[in-house]
Amino acid sequence: MKTLLVLPILIPLGTAVACLLIRKSLRTQRALAVAGSGALFVAGLALLAGVWRGGIAAVQIGQWPAPFGITLVSDLFSAIMVVLAGLVGFAVAVYSLGTMDHARERFGYHPLFSILLMGVCGAFLTGDLFNLYVWFEVMLIASFVLLVLGGEREQIEGAIKYVTLNLLSSALFLAAVGLLYGTTGTLNMADLSLQLSQQSTDLTPALAMLFLLAFGIKAAIFPLFFWLPASYHTAPVAVSAVFAGLLTKVGVYSLIRVFTLLFAQDPGFTHKLILVLSGLTMLTGVLGAVAQSEFRRILSFHIVSQIGFMILGLGLLTPLALAGSIFYIAHHIIVKTNLFLVSGAVHRLRGSYELKKLGGVYRASPWLAALFLVPAMSLAGLPPLSGFFAKLSLVMAGLNAAQHLIVAVALLVGILTLFSMTKIWAEVFWKPASQSPVESRPPLRPPQWMSMVAPIAVLAVITVAIGLLAEPIFLLAARAAEQLLHPAEYIEAVLGKTSCVPSY
């Protein structure tokens, strides 16, 4: 089990190093990127199976005992996130075979992609706040370079907004970490949970707000989201897809981890504030999507909107609500990645992302149109797809908690999401092909087209499967939520002792 905890970091690290060593052979780099991300997915599945059978696992790097050394720890929530990171990495690596241009590959696309996956998995598995900060910086560096790779004017403009806000977030995060360490003398999250539950200080609410602000920027919650729709649509579609699937979810993961393990002593204030921010995030994101007329910008605003659903369960802080949030995160990562991949396939066929310049895709490629409908209708929450059960669980949790206003907001956002998805369908797939001049594209060879369509089809099948197998998957999410709400097992796995800690 200890090996399984380290593998999700070592596999992408080894892939990145190998790609750098054979940087002159693009063909070998492509094969390594696909093999490495596939191995990461398999390692994530093995880790999830091990945690399901044996409980929360932890390893102390260098044999330094906690809380003094570097700790890697995996509960069901972090294991689920590692599996999803591997799945998205593998799908995008295969998709990149047919879409990534040689110039970007020669400038390090494949090693940077692996480093990004390493940072994501490190953030999911770390057991202390300082190393969470380190993994955030690894992600930021890799993502910034991937965003500007190619040096196009639009990319540079988007990257400036992206990196400026994320550097501000990192500065706030580091300040919060320093203050917390000065107050408690530790940054190990299990040890912090014990200390903060036993002796909360006057500084604790301020620290909670600092962490909410820092992670809120990275998760793109209201009103800190404007960097996301200004930057995600500027990168190549493979980069946009992995960003859309994973990066903001690391921020959401950190919010859930910190506000269940560390700052859950005063839910009447902190979690009610998160609940309000959840509703505002949902509304502003979906209204932004409705107003857009560019394929990827619509999808980017929907990322913001769906983040609101993900933190809704954290705001309610009940077992059903947290399970719904975990289920929703898993559903959204797969669906949103797939929608960005579909947008890239449409662009490859028609040479544009502008809705008014598109059309006729249903007639040219009916299979692509069908594959779009699966994630689009799942995002809108139509049964029997994964999004329906994800939203249903959160709505039920809201009704059980008598939070009728947030339930009404969630239902309204679902209707507006369906409206924006049908707008894409009507403009891109259903209407006749536009006669507007678009960018000319060289014809696709069958292997290229297959490398694009295969990941889209696989992710669509997984979306349907999650809907059809909602009960066992929700059972997994419910058990993960139970571990979050009762942190005694987490603390015992890390510190090697049983302590009396509150359940929420």
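For the chain, the relative contact order is 16 percent, taking Cα pairs closer than 8 Å that sit 6 or more residues apart in sequence and dividing their mean separation by the residue count. Taking a sphere under 11 Å around the Cβ of Pro111 and counting the other residues whose Cβ falls inside, with K and R at +1 and D and E at -1, yields a net charge of 0.
Considering segment 386-487, its Cα convex hull presents a mean projected area of 10.9 nm². Normalising the Debye intensity of segment 98-243 to I(0), with uniform scatterers on Cα atoms only, and taking log10 at q = 0.16 Å⁻¹ returns -0.88.
Of the listed residues Asp101, Asp266, Asp191, the order by accessible area with a 1.4 Å probe, largest first, is Asp266, Asp101, Asp191.
Looking at segment 150-228, the GluC sites (Glu not before Pro) that sit in a DSSP loop and have at most 16 other Cβ atoms within 10 Å of their own Cβ are Glu152. Applying the criteria of a DSSP loop state and at most 12 other Cβ atoms within 10 Å to the trypsin sites (Lys or Arg not before Pro) of segment 1-95 yields Lys24.
Using the Cβ-Cβ distance between Val461 and Thr28 with R0 set to 25 Å, the FRET efficiency works out to roughly 0.25. Relative to the dominant Cα principal axis of the chain, helix 404-424 is inclined by about 20°. What you get for segment 183-324, charging only the Cβ of Lys and Arg (+1) and of Asp and Glu (-1), is a dipole of about 340 debye around the Cα centre. The alpha carbons of the chain stretch over 68, 56, 40 Å along the principal axes, in descending order.
The charge dipole of segment 112-241, taken about the Cα centre with unit charges on the Cβ atoms of Lys, Arg (+1) and Asp, Glu (-1), comes to about 140 debye, rounded to the nearest 20. Against the empirical curve 2.2 N^0.38 Å, the C-alpha radius of gyration of segment 281-326 lands at a ratio of 1.32.
Note that segment 210-223 has calculated 3J(HN,Hα) couplings of 4, 5, 4, 5, 5, 6, x, 5, 5, 7, 6, 8, 5, x Hz, one per residue in order, obtained from phi through the Karplus relation 6.51 cos²θ - 1.76 cosθ + 1.60 (θ = phi - 60°); glycine and proline are x. Taking all protein chains as shown and a probe of 1.4 angstrom, Tyr181 keeps an accessible surface of around 120 Å². Each residue of segment 451-456 was assigned a 3J(HN,Hα) from its phi angle through the Karplus expression (A = 6.51, B = -1.76, C = 1.60, θ = phi - 60°), giving 5, 7, 6, 4, x, 4 Hz with x at Gly and Pro. Near Gln265: Cβ cut-off under 15 Å, other residues only, Lys/Arg at +1 and Asp/Glu at -1. The net charge is -1. Surface composition of segment 76-153: carbon and sulfur atoms hold 70% of the protein heavy-atom accessible area at a 1.4 Å probe. Normalised per residue, the accessible area of the chain is 36 Å², obtained with a 1.4 Å probe and no contribution from ligands, DNA or RNA. Between the helical axis of 295-316 and the longest alpha-carbon principal axis of the chain there is an angle of about 20 degrees.
The values are calculated or read from the model by the stated rules, or taken from the named source; none is laboratory data. None of these values were measured; they are calculated from a predicted model. Reconstructed Cβ throughout: ideal geometry from the backbone, glycine too, with neighbour counts over all protein chains shown. Areas reflect the complete protein model, heavy atoms only, side chains present, ligands, DNA and RNA absent. Shrake-Rupley method; radii C 1.70, N 1.55, O 1.52, S 1.80 Å.
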